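Asks: One structure, pasted below without further comment.
Please treat every number below as a calculation from the coordinates, not as lab data. Keep in mind that what you see is a predicted model, and the values were worked out from it rather than measured. Because the Cβ atoms are built from the backbone with ideal geometry, glycine has one as well, and the counts that use them run over all protein chains shown.
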Amino acid sequence: MCSVEGCERPHKARGFCAAHYKRVLASGDPRPDEPIRAVKGIHEHKGYRFVPVPDRYRHLRTIRR
Ligand SMILES: [Zn+2]
């Protein structure tokens with residue numbers, strides 16, 4: 001588990017999740033107060049996460065239907 005308070009992402013390295021670890025590498029500061037927006041286009045609604053599907057994966061959805 002990530003050591004940043006309120007962050008429930010799985011541990012990646014040095015006590016941080018992948019996203020916070022990237023921040024530490026980039027700036028030396030995980031900036032715990034700043035929410036993580038890993039992928040542009042993700043938004044949450046009523047507990048569901050909406051993630052944009054890259055074009056190269058669209059066919060997978062078509063098959064499942
Ligand atoms: Zn984290």
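Asks: Across the range 46-53, in residue order, what do the Karplus-derived ³J(HN,Hα) couplings come to in whole Hz, using 6.51 cos²θ - 1.76 cosθ + 1.60 with θ = phi - 60° and x for Gly and Pro?
Replies: Karplus-based 3J(HN,Hα) across the range 46-53 equals 6, x, 9, 9, 9, 10, x, 8 Hz.
Asks: Would you kindly derive the ³J(HN,Hα) couplings of the range 12-27 from the backbone phi angles with the Karplus curve 6.51 cos²θ - 1.76 cosθ + 1.60 (θ = phi - 60°), listing them in order in whole Hz, with x for Gly and Pro?
Replies: With the stated coefficients, the range 12-27 comes to 10, 7, 6, x, 10, 6, 4, 5, 5, 4, 4, 5, 4, 5, 6, 10 Hz.
Asks: If you count, for each residue, the other Cβ atoms within 10 Å and average over each peptide, how do 1-12, 17-28, 44-55 line up from highest to lowest?
Replies: Details: 1-12: 13.1, 17-28: 15.2, 44-55: 7.8.
For the peptides 1-12, 17-28, 44-55, the packing ranking is 17-28, 1-12, 44-55.
Asks: Taking amide H positions as placed 1.01 Å from N in the peptide plane, with prolines and chain starts having none, which residues 5 or more places from residue 16, or on another chain, fall under 5 Å of its amide H?
Replies: Under 5 Å from the amide H of residue 16 lie the amide H atoms of 3, each far enough along the sequence or on another chain.
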